[in-house]
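Trainee: If you scroll down you'll find the structure; I have some questions about it.
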Amino acid sequence: MDDYRSLIADLHGEPLKLGEILVRCGSLTETELAEVLANQSATGDAHPLLGELLIEQQRVNPPVIAAAVEQQQQLREAKARPPVAGCPSNTQP
(Lines give C-alpha, C1' and ligand atoms only; values in the text may rest on other atoms or scores of the structure.)
Protein backbone atom coordinates (compact mmCIF):
# COMPACT_ATOMS: atom_id res chain seq x y z
CA MET A 1 0.00 0.00 0.00
CA ASP A 2 2.88 2.37 0.73
CA ASP A 3 4.17 1.70 -2.79
CA TYR A 4 0.88 2.91 -4.27
CA ARG A 5 0.93 6.02 -2.11
CA SER A 6 4.50 6.74 -3.17
CA LEU A 7 3.61 6.33 -6.86
CA ILE A 8 0.61 8.63 -6.39
CA ALA A 9 2.75 11.28 -4.70
CA ASP A 10 5.17 11.20 -7.64
CA LEU A 11 2.48 12.17 -10.17
CA HIS A 12 2.97 15.69 -11.50
CA GLY A 13 1.53 17.83 -14.25
CA GLU A 14 -2.05 18.35 -15.25
CA PRO A 15 -4.83 17.57 -12.78
CA LEU A 16 -6.13 14.06 -13.27
CA LYS A 17 -9.41 12.36 -12.51
CA LEU A 18 -9.39 9.97 -9.55
CA GLY A 19 -9.69 6.90 -11.78
CA GLU A 20 -6.76 8.06 -13.94
CA ILE A 21 -4.56 8.47 -10.86
CA LEU A 22 -5.44 4.98 -9.62
CA VAL A 23 -4.78 3.41 -13.03
CA ARG A 24 -1.45 5.23 -13.42
CA CYS A 25 -0.20 4.02 -10.04
CA GLY A 26 -1.34 0.46 -10.79
CA SER A 27 -3.91 0.04 -8.03
CA LEU A 28 -6.70 -0.32 -10.60
CA THR A 29 -6.77 -1.59 -14.19
CA GLU A 30 -8.46 0.25 -17.05
CA THR A 31 -10.97 -2.62 -17.26
CA GLU A 32 -11.80 -2.39 -13.55
CA LEU A 33 -12.21 1.37 -13.84
CA ALA A 34 -14.56 0.97 -16.80
CA GLU A 35 -16.66 -1.58 -14.87
CA VAL A 36 -16.97 0.67 -11.82
CA LEU A 37 -17.81 3.73 -13.95
CA ALA A 38 -20.51 1.72 -15.74
CA ASN A 39 -21.95 0.68 -12.36
CA GLN A 40 -21.76 4.28 -11.18
CA SER A 41 -23.81 5.59 -14.09
CA ALA A 42 -26.32 2.74 -13.78
CA THR A 43 -27.26 3.81 -10.25
CA GLY A 44 -29.66 6.49 -11.49
CA ASP A 45 -29.92 9.94 -9.95
CA ALA A 46 -27.87 9.27 -6.82
CA HIS A 47 -24.39 8.84 -8.27
CA PRO A 48 -22.10 7.61 -5.48
CA LEU A 49 -18.58 8.99 -5.62
CA LEU A 50 -16.07 6.82 -7.46
CA GLY A 51 -13.86 6.45 -4.40
CA GLU A 52 -16.82 5.31 -2.32
CA LEU A 53 -17.73 2.67 -4.90
CA LEU A 54 -14.16 1.40 -5.12
CA ILE A 55 -13.98 1.04 -1.34
CA GLU A 56 -17.45 -0.52 -1.13
CA GLN A 57 -16.52 -3.06 -3.82
CA GLN A 58 -13.16 -3.66 -2.08
CA ARG A 59 -11.23 -2.88 -5.25
CA VAL A 60 -8.95 -0.25 -3.68
CA ASN A 61 -7.98 0.25 -0.03
CA PRO A 62 -9.24 3.43 1.68
CA PRO A 63 -5.73 4.84 2.38
CA VAL A 64 -4.89 4.57 -1.34
CA ILE A 65 -8.11 6.41 -2.25
CA ALA A 66 -7.29 9.09 0.34
CA ALA A 67 -3.76 9.53 -1.08
CA ALA A 68 -5.12 9.78 -4.62
CA VAL A 69 -7.75 12.36 -3.64
CA GLU A 70 -5.10 14.38 -1.80
CA GLN A 71 -2.79 14.33 -4.83
CA GLN A 72 -5.69 15.25 -7.09
CA GLN A 73 -6.39 18.30 -4.92
CA GLN A 74 -2.72 19.30 -4.86
CA LEU A 75 -2.50 19.11 -8.66
CA ARG A 76 -5.61 21.27 -8.99
CA GLU A 77 -4.27 23.84 -6.54
CA ALA A 78 -0.90 23.96 -8.30
CA LYS A 79 -2.60 24.63 -11.62
CA ALA A 80 -4.84 27.32 -10.11
CA ARG A 81 -1.96 29.25 -8.48
CA PRO A 82 -1.05 32.40 -10.38
CA PRO A 83 2.52 32.48 -11.68
CA VAL A 84 5.07 34.38 -9.60
CA ALA A 85 7.08 37.09 -11.37
CA GLY A 86 10.53 35.79 -12.31
CA CYS A 87 9.49 32.14 -11.95
CA PRO A 88 8.58 29.77 -14.76
CA SER A 89 4.85 29.73 -15.44
CA ASN A 90 2.82 26.83 -14.11
CA THR A 91 0.52 26.95 -17.11
CA GLN A 92 1.10 25.88 -20.66
CA PRO A 93 0.85 28.45 -23.49
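Trainee: Starting from the Cα of residue 37, step 7 Å along the direction of its Cβ; do the same at residue 56; then give the gap between the two resulting points in nm.
Mentor: 1.9
Trainee: Sort 17, 79 from largest to smallest accessible area, using a 1.4 Å probe on the heavy atoms of the protein chains. Don't jump to the answer; show the numbers that get you there.
Mentor: Values: 17 145, 79 95 Å².
Sorted descending by solvent-accessible area, the residues read 17, 79.
The values are calculated or read from the model by the stated rules, or taken from the named source; none is laboratory data. Everything quoted here is computed from the prediction, not taken from an experiment. All Cβ positions, even for glycine, are placed from backbone atoms using ideal geometry, and neighbour counts span all protein chains on display. Just so you know, the surface numbers come from the protein's heavy atoms only, side chains and all, with ligands and any DNA or RNA stripped out. Shrake-Rupley method; radii C 1.70, N 1.55, O 1.52, S 1.80 Å.
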